[in-house]
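Undergrad: Mind looking over this structure? Questions follow.
The values are calculated or read from the model by the stated rules, or taken from the named source; none is laboratory data. For clarity, every value in this text was computed on a predicted model and none was experimentally measured. With ideal geometry, Cβ positions are generated from the backbone for all residues, glycine too; neighbour counts draw on all protein chains shown. With ligands, DNA and RNA removed, areas are computed over all heavy atoms of the protein, side chains included. Shrake-Rupley method; radii C 1.70, N 1.55, O 1.52, S 1.80 Å.
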Amino acid sequence: MWYKVSIFLTFAVNSWCAQENLVQNPGFESPLSGHWKAVGFSIARSSDAYNGSYALKCTGRMKNSHLGPSQLVTLTSGKMYAFTARLKQLNDMPGKLFQKYRANMQYQYSDNGEKSTEYLASHTSVRSADGWFRMAAYFRAPTRALSSSKLKYQTPDISIDFLLDDVSILELPDLDDWKSKADERIRQLRMGNIHFRFDLSPGINAGDIDVKIDHVKHLFGWGTLVKDQWMIDSNYRHYQDMVYEYFNTATTQGLKWKFDKGTATHPDYSQAMACVDTLKEKGMIVRAHNLFWGFAKNLPPYVVHMSRDQLNVTVQNHLNYMINITKGKASHWDVINELVHGQWFEEQFHDPDYSQDIFRQVKLLDPKPLLMLNDFNVVARPEIADAYLQQAQTFLAQGVPLDGLGLQGHFHDTVPDPQQILLYLDLMAQAGLPLDVTELDVWQQDPDVRADYYEMVLRVLFSHPAMHGIVLWGFWDQHVVDKRSSLVDGHDLTINAAGKRVFNLIKETWSTHVNMSLSASSTNFDLRGFNGDYEVTVLKNGAKIKVVPFSLFGKETTVNISVDSNIGTLLR
């Protein structure tokens with residue numbers, strides 16, 4: 001289910017109307033008079049405009065160091081801003097399908113004159129046939145005092161000419177009291193009303209009956225990356241127990257093409273599939289990661305140097321083989337990984353829609369799993385979020401069976417910004433698809449600071465109506481990219497401060513566990529609980545006599561429980 005989204009974006013958009021555009025001559029409707037700078041190439045007004053009468057035409061770049069048009073803008077330290085622009089590529093480079101565009105903000109600091117660059121927005125798959133396209137971003141100015149801020153464009157190959165129009169930088173209002181607002185959204189979105197109705201047969205004294213209500217499995221997807229061999233090795237029982245205790249979703253990397261343990265003609269994914277089968281037996285949601293990856297470095301070496309005809313046959317064989325062995329077992333497939341960043345297959349086949357056809361083939365072969373794109377720099381350092389949204393919208397407009405968007409969340413040596421995260425989640429939700437954060441890790445040396453940052457990120461993500469699942473990119477310091485992200489340390493799997501915080505949120509704060517006693521006047525009662533699977537344990541005079549499972553999937557449910565005088569003590 002996808003929820004209508006209006007958390008922060010609507011408020012922000014309405015507020016923009018009253019804000020002053022900090023860019024001078026943003027639509028180039030006035031003659032060029034020095035606000036816009038160009039080094040090593042020519043700029044002039046053009047009547048081929050996205051809006052109004054004019055746009056800026058950039059031509060004649062002779063060196064890659066000649067970047068693109070720039071302008072000094074006045075920013076306030078620590079404030080959040082919205083950036084937008086429209087661009088149009090005028091020609092293509094022979095033999096190269098796509099071009100890359102990037103908008104940057106270059107800061108110079110008042111205290112020592114140092115400079116730094118923040119990448120605002122990137123588009124990596126631009127062609128002249130696409131016409132006008134949007135670049136957009138949300139960014140917060142540094143808290144250090146600024147002597148200058150310069151908007152700059154890092155432009156494509158030197159033979160490419162392009163147009164620029166409708167450039168805007170607007171200051172956004174601050175998001176106040178984000179935590180309490182997130183908690184309220186969680187209560188409204190993730191919980192429902194449970195109506196308990198007890199029917200006690202004659203001779204049963206209500207005062208003798210106690211009820212224990214336990215939320216045993218979340219509807220929301222709480223997940224982790226797992227290591228295939230550890231999930232099937234009895235020597236790692238403690239690791240397995242922790243996976244099953246704290247998570248209902250698991251991502252396996254063993255299905256990646258580059259991790260094939262066989263040969264080009266005799267692939268071997270037996271270990272990965274043993275892991276998948278084990279996870280399924282335990283009732284876990286399995287995320288298969290990934291079918292194809294658009295970078296040559298992430299493909300088997302024998303693939304990279306094939307002719308186009310050989311490559312086409314090899315791709316088809318791999319696709320058919322992988323979907324055949326996983327059919328009916330994978331709940332999610334990352335069909336194409338990081339397609340905004342890498343388009344190796346599109347370039348090899350000189351086909352801009354190559355990945356779209358892969359999605360269609362997978363859906364025909366196995367209609368069960370949710371087919372997803374998956375990319376990084378979307379919620380943490382979200383440089384490509386707007387390009388990712390436009391990619392998803394293009395897929396949907398072409399009728400591609402795209403079922404959800406995977407948003408990697410690698411907060412590496414950065415302080416999470418709740419307002420920025422919410423803005424980008426709202427942006428991505430415009431695709432109208434379920435969102436999953438598929439690769440979450442937070443790098444902080446101090447476990448207590450790490451705990452604070454994890455809690456901040458998880459609270460914001462869990463509170464967003466389009467979010468359907470969150471997968472940690474590992475939790476044990478023996479299987480993470482960097483030990484500064486771990487929740488569990490050492491060979492004895494000791495839960496550290498960050499792990500205690502995260503696991504408490506999942507299992508206690510955002511879970512429901514209630515003990516009730518019936519009385520003659522209240523054999524019926526209501527409570528509000530988190531969505532998912534439950535068990536009700538009925539006790540008579542302290543002895544367990546009945547266990548009733550039920551599920552809450554939505555706003556409310558009614559649970560009818562009969563207690564018969566013939567029921568004796570339940571031995572389990």
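Undergrad: Which residues, taken from segment 122-151, are in contact with a Leu (Cβ under 9 Å, 6 or more places away or on another chain), under 15 Å from L164 (Cβ atoms), open to solvent by less than 20 Å² (accessible area, probe 1.4 Å) and not hydrophobic (A, V, I, L, M, F, W, C)?
TA: H123
Undergrad: Name the residues in segment 124-156 that are closer than 21 Å to F41 by Cα and β-branched (V, I, T), would you?
TA: Answer for segment 124-156, where residues must be closer than 21 Å to F41 by Cα and β-branched (V, I, T): V126, T155.
Undergrad: Would you point out the residue of segment 379-408, among those that are without any contact (Cβ under 8 Å) to a residue 60 or more places away in the chain and small (G, A, S), that is farthest from S122 (Cα to Cα)?
TA: So the residue we want is G399.
Undergrad: Go through (1) assigned to a loop (DSSP other than H, G, I, E, B); (2) at pLDDT 95 or above; (3) surrounded by fewer than 16 Cβ atoms within 10 Å (Cβ to Cβ) for P267 and report which single condition fails.
TA: Here P267 clears every test but (3).
Here's the yes/no breakdown for (1) closer than 14 Å to Y153 by Cα; (2) touching a residue at least 40 places away in the same chain (Cβ under 8 Å):
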position	(1), (2)
S65	yes, no
G68	yes, yes
L72	yes, yes
Y101	yes, yes
Q106	yes, yes
G131	no, yes
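Undergrad: Restricted to segment 509-558, and to residues that are of a type in the set (D, E, K, R) and part of a strand (DSSP E or B), which residue is most open to solvent (accessible area, probe 1.4 Å)? Before the answer, list the steps.
TA: Just the residues of segment 509-558 that are of a type in the set (D, E, K, R), to begin with: 526, 528, 533, 535, 540, 544, 546, 555-556.
Still in the list and also part of a strand (DSSP E or B): 526, 528, 533, 535, 540, 544, 546, 556.
Working: D526: 92, R528: 89, D533: 48, E535: 66, K540: 60, K544: 73, K546: 53, E556: 119 Å².
For segment 509-558, the residue satisfying everything is E556.
Undergrad: In this structure, does Q393 turn out to be polar (S, T, N, Q) and in a helix (DSSP H, G or I)?
TA: Details: polar (S, T, N, Q): yes; in a helix (DSSP H, G or I): yes.
In short, yes.
Undergrad: Kindly list the number of the only condition in (1) crowded, with 18+ Cβ neighbours inside 10 Å; (2) modelled with pLDDT under 95; (3) closer than 30 Å to I545 by Cα that fails for G294.
TA: If we test G294 against (1) crowded, with 18+ Cβ neighbours inside 10 Å; (2) modelled with pLDDT under 95; (3) closer than 30 Å to I545 by Cα, just (3) comes out false.
Undergrad: How many residues are assigned to a loop (DSSP other than H, G, I, E, B), out of contact with any strand residue (DSSP E or B) (no Cβ under 6 Å at 6 or more places or on another chain) and within 25 Å of W510 (Cβ to Cβ) if we restrict to segment 187-238? So that I can check it myself, show each step before the final result.
TA: Kept after step one, since they are assigned to a loop (DSSP other than H, G, I, E, B), are these residues of segment 187-238: 201-205, 219-220, 227, 232-233.
Now drop any that are not out of contact with any strand residue (DSSP E or B) (no Cβ under 6 Å at 6 or more places or on another chain), which leaves 201-203, 205, 220, 227, 232-233.
After this cut, where a residue has to be within 25 Å of W510 (Cβ to Cβ) as well, the list is 220.
Count: 1.
Undergrad: Evaluate the following for P142: is it at pLDDT 95 or above and in a loop (DSSP other than H, G, I, E, B)?
TA: Numbers: at pLDDT 95 or above: yes; in a loop (DSSP other than H, G, I, E, B): yes.
Taking the combined requirement at face value, the residue satisfies it.
Undergrad: Counting only residues that are assigned to a helix (DSSP H, G or I) and without any contact (Cβ under 8 Å) to a residue 12 or more places away in the chain, which one in segment 297-315 is surrounded by the fewest Cβ atoms within 10 Å (Cβ to Cβ)?
TA: D309
Undergrad: For V211, which of the numbered conditions (1) within 23 Å of N337 (Cβ to Cβ); (2) open to solvent by less than 10 Å² (accessible area, probe 1.4 Å) fails to hold?
TA: Of everything listed in (1) within 23 Å of N337 (Cβ to Cβ); (2) open to solvent by less than 10 Å² (accessible area, probe 1.4 Å), V211 misses just condition (1).
Undergrad: Within segment 459-508, which residues are surrounded by 16 or more Cβ atoms within 10 Å (Cβ to Cβ), among the β-branched types (V, I, T) and not in a strand (DSSP E or B)?
TA: Answer for segment 459-508, where residues must be surrounded by 16 or more Cβ atoms within 10 Å (Cβ to Cβ), among the β-branched types (V, I, T) and not in a strand (DSSP E or B): V460, V480, V502, I506.
Undergrad: Sticking with this one: Answer yes or no as to whether S47 is among the polar types (S, T, N, Q) and buried (at least 18 other Cβ atoms within 10 Å of the Cβ). I'd like the intermediate steps shown before the answer.
TA: Working: among the polar types (S, T, N, Q): yes; buried (at least 18 other Cβ atoms within 10 Å of the Cβ): no.
So S47 fails the test.
Undergrad: Which residue, of L163, L200, L172, is in contact with a Ser or Thr (Cβ under 7 Å, 6 or more places away or on another chain), open to solvent by 20 Å² or more (accessible area, probe 1.4 Å) and either at pLDDT 95 or above or aliphatic (A, V, I, L, M) (or both)?
TA: Details: L163 fails: open to solvent by 20 Å² or more (accessible area, probe 1.4 Å); L172 fails: open to solvent by 20 Å² or more (accessible area, probe 1.4 Å).
Residue meeting the stated conditions: L200.
Undergrad: Restricting segment 432-454 to residues that are of a type in the set (F, W, Y) and assigned to a helix (DSSP H, G or I), which is farthest from D413 (Cα to Cα)? Even if it seems obvious, please write down each step before you answer.
TA: Step one: list which residues in segment 432-454 are of a type in the set (F, W, Y), which gives 443, 453-454.
Now narrow it down to the ones that are assigned to a helix (DSSP H, G or I): 453-454.
On the way: Y453: 11, Y454: 13 Å.
That would be Y454.
Undergrad: Kindly indicate the residue of segment 58-84 that is modelled with pLDDT under 95 and either loosely packed, with under 14 Cβ neighbours inside 10 Å or small (G, A, S) (or both) and also nearest to I421 (Cα to Cα) among those meeting that condition.
TA: The qualifying residue nearest to I421 (Cα to Cα) is G68.
Undergrad: Filtering segment 327-377 down to residues that are touching a residue at least 40 places away in the same chain (Cβ under 8 Å), among the aliphatic types (A, V, I, L, M) and assigned to a helix (DSSP H, G or I), which residue is most open to solvent (accessible area, probe 1.4 Å)?
TA: Per the stated criteria, the residue is L365.
Undergrad: Pull up segment 85-121, narrow it to residues that are small (G, A, S) and over 28 Å from the mean Cα position of the chain (by Cα), then point me to the one that is surrounded by the most Cβ atoms within 10 Å (Cβ to Cβ). Can you show your working first?
TA: First pass over segment 85-121, keeping only residues small (G, A, S): 85, 95, 103, 110, 113, 116, 121.
Subset that is over 28 Å from the mean Cα position of the chain (by Cα): 95, 110, 113.
Numbers: G95: 7, S110: 12, G113: 8.
That would be S110.
Undergrad: Can you name the condition, by its number, that I158 falls short on among (1) within 30 Å of Y50 (Cα to Cα); (2) touching a strand residue (DSSP E or B) at 6+ places or on another chain (Cβ under 9 Å); (3) open to solvent by 10 Å² or more (accessible area, probe 1.4 Å)?
TA: So I158 meets the others, but not (2).
Undergrad: Separate question: Would you mind telling me which numbered condition in (1) within 18 Å of F98 (Cβ to Cβ); (2) in contact with a Phe, Trp or Tyr (Cβ under 6 Å, 6 or more places away or on another chain); (3) open to solvent by less than 10 Å² (accessible area, probe 1.4 Å) E383 fails?
TA: Answer for E383: the failing condition is (3).
Undergrad: So, L427, is that one touching a helix residue (DSSP H, G or I) at 6+ places or on another chain (Cβ under 8 Å), in a helix (DSSP H, G or I), among the aliphatic types (A, V, I, L, M) and open to solvent by 10 Å² or more (accessible area, probe 1.4 Å) or not? So that I can check it myself, show each step before the final result.
TA: Numbers: touching a helix residue (DSSP H, G or I) at 6+ places or on another chain (Cβ under 8 Å): yes; in a helix (DSSP H, G or I): yes; among the aliphatic types (A, V, I, L, M): yes; open to solvent by 10 Å² or more (accessible area, probe 1.4 Å): yes.
The answer is yes for L427.
Undergrad: Do we have T414 as open to solvent by 20 Å² or more (accessible area, probe 1.4 Å) and out of contact with any helix residue (DSSP H, G or I) (no Cβ under 7 Å at 6 or more places or on another chain) here? Write out each step before concluding.
TA: Values: open to solvent by 20 Å² or more (accessible area, probe 1.4 Å): yes; out of contact with any helix residue (DSSP H, G or I) (no Cβ under 7 Å at 6 or more places or on another chain): yes.
In short, yes.
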